[in-house]
Amino acid sequence: MPKTAGPIVQRLERSNRELRHLREKLRSYICEPRTYLLFERFEYLKERLEQLQRKNTELIEELNNKNMSFEIQQERYTQQLDSYVELEIQVVEYIGRVKLHG
């Protein structure tokens, strides 16, 4: 019995919800940049969040529309997950810096 993309698609959809939550955190008044360097970091993080969400959506569409081997599905998902974890850490670090300058 071939493995399906269903669980991977569900995890990517969950990741998109978590990315929206991170973006909402960044948009809160608590996270407003107070220095030029923080502003640059803020803009970078916003762009990365959008890029990652866009890549998740593209991968979901590919998984739903194409016959991709399970190994490739797993590899692409793992890359996306690694990118998400890295970005989440960067957002948390940014929030900590903003609070220090508050």
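Run the reach check for K99 against aspartates and glutamates, Cα to Cα strictly under 13 Å, same-chain hits fewer than 8 apart removed. What comes back?
Partners within reach: E32.
Of (1) 15, 42, 24, 14, 5, 0; (2) 11, 13, 13, 12, 11, 9, 8, 7, 6, 5, 3, 2, 0; (3) 10, 12, 10, 11, 11, 11, 9, 7, 7, 6, 6, 0, which is the value of P(r) over Cα pairs in 10 Å bins from 0, in percent derived from the coordinates here?
(1)
Among all the aspartates and glutamates, which ones have a C-alpha under 20 Å from K25's C-alpha, if same-chain residues fewer than 8 places away are not counted?
List returned: E13, E40, E43, E47, E50, E86, E88, E93.
From the phi angles alone, apply the Karplus equation (6.51, -1.76, 1.60; θ = phi - 60°) to region 40-50 and give each ³J(HN,Hα) in whole Hz, x where the residue is Gly or Pro.
4, 5, 4, 5, 4, 5, 4, 5, 4, 4, 5
I'd like the trypsin sites (Lys or Arg not before Pro) in region 35-74 restricted to DSSP loop residues with at most 15 other Cβ atoms within 10 Å, sorted by number.
Hits after loop and neighbour filter: K66.
For K66, which aspartates and glutamates qualify as cross-link partners when the Cα separation must be under 13 Å and same-chain residues fewer than eight apart are set aside?
Leaving aside aspartates and glutamates fewer than 8 places away in the same chain, those within reach of K66 are E58.
No lab work stands behind these numbers, since they all come straight from the coordinates. Not measured: the values here are computed from a predicted model. Cβ atoms come from the backbone with ideal geometry, glycine included; neighbour counts cover every protein chain shown.
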